Structure formats: C-alpha cells, structure tokens
Amino acid sequence: MTKKPKRGSRRAYGEELKAEAVQMMLDGHSAESVATNLGISGANLLYRWKAKILGQSGPAATALDARVQQLEDELRRAERERDILKKALAIFSQKT
C-alpha cells in the first residue's frame, strides 16, 4: 500500500488583503514584489484577483457605468455653456 503525497493546504485570503494587493499593483508595483511583500503564494493569484476586482460585472457595474455616462454628458453640457458665456463676455466687454 502506497501513501499518497500530502498536498499543501490552501490558504484563504481576506477581501481586504486582496484589495490591498490589487491596489499595490495598480500603483505600479510588480505582481512578484507584491506577492513577496504580502506573503502571497504566487503572482498568478494576484492577476486573477485583479481581473476579478476590475472586471466586476452585473447590475452594480452596469448602474455605475450608466451613472458615469450621465455625469460625462452633464460635464460636456456644462463645458459648452461655459464656452458660450466666455464668448459672450468677450463680445460685451469689447470697447466700441
């Protein structure tokens, strides 16, 4: 009877640690250095966390995308109004 080799136990990482690791990667640190600094077993795991966090989809992400689009539209409208007012000010402030 042969014994099966023991597999390493899986470590569970908390959501806070995952978010911190992804933020470090977004700040420009390499996945390898983040993994080493935080004691995470591998850089591939970090890439999966990053994809999961940044690629979130579903109703919440859709609602956020819609809100971003709405705010961008409002910004463009406000910029057009500002430009019109600047031109009007220039016209009315000219000496005749």
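In percent, rounded to a whole number, the relative contact order of segment 12-55 is 36, using alpha-carbon pairs under 8 Å and six or more apart. Each residue, Thr62 and Arg80, gets one label point 7 Å from its Cα in the Cβ direction; the gap between the two is 2.8 nm.
Work out how much length Asn37 to Gln70 would gain on full extension: take 0.36 nm times their residue separation and subtract the Cα-Cα distance, in nm to one decimal. Present the calculation step by step, with values, prior to reporting the outcome.
Working: separation 33, 0.36 × 33 = 11.88 nm, distance 4.00 nm.
Here the answer is 7.9 nm.
All C-alpha to C-alpha distances of segment 12-55, sorted into 10 Å bins beginning at zero, yield P(r) values of 31, 66, 4 percent in whole numbers.
Bear in mind these aren't lab numbers, they're just calculated from the coordinates by the rules spelled out. Only a predicted model underlies this, so the values are computations on that prediction, with no experimental measurement involved. Methodologically, a virtual Cβ is constructed for each residue, glycine included, from the backbone with ideal geometry; neighbour enumeration extends over all protein chains shown.
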